[in-house]
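The values are calculated or read from the model by the stated rules, or taken from the named source; none is laboratory data. Bear in mind the structure is a predicted one, so any value in this text is a computation, not a measurement. Counting neighbours? That spans all protein chains shown, and the Cβs are built from the backbone with ideal geometry, glycine included. Just so you know, the surface numbers come from the protein's heavy atoms only, side chains and all, with ligands and any DNA or RNA stripped out. Shrake-Rupley method; radii C 1.70, N 1.55, O 1.52, S 1.80 Å.
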Amino acid sequence: MMTGFYVENEKPKYSNPKRKKFDIKFNSDRSAYAKWNQYNLVDEKNKYYLSSESRLMQKEDDQWKIINVISFWDRVKPINPLEIESQFKD
């Protein structure tokens, strides 16, 4: 099962995600598609990995529900935390 890849011993394997380049499209008043780039910190390696994330959402009873998740990860090229954190300074 894929859950073990993302969660180990009830603690998420990846922490402190940084997100940018959000793009949200409303297909109707009850359907939307969102995508963004996400940088995921792997604590034990002290490196970030880039993923392209997307969500398909549907509005039910005036609340948005995620009905589909897609994530594409670049697990080959880790990114130094200093490079990422400098992009997200306030």
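The number of residues in the stretch 1-22 that are surrounded by 10 or more Cβ atoms within 10 Å (Cβ to Cβ), of a type in the set (Lys, Arg) and modelled with pLDDT of 75 or more comes to 3.
Of everything listed in (1) more than 29 Å from Arg75 (Cβ to Cβ); (2) polar (S, T, N, Q); (3) open to solvent by less than 70 Å² (accessible area, probe 1.4 Å), the single unmet condition for Ser52 is (1). The condition of being of a type in the set (Lys, Arg) and either open to solvent by less than 100 Å² (accessible area, probe 1.4 Å) or touching a Leu at 6+ places or on another chain (Cβ under 9 Å) (or both) does not hold for Lys25.
Taken together, Val42, Val76 contain a single residue that is free of Cβ contacts under 8 Å to residues at least 40 places away in the same chain, over 10 Å from the mean Cα position of the chain (by Cα) and loosely packed, with under 13 Cβ neighbours inside 10 Å, which is Val76.
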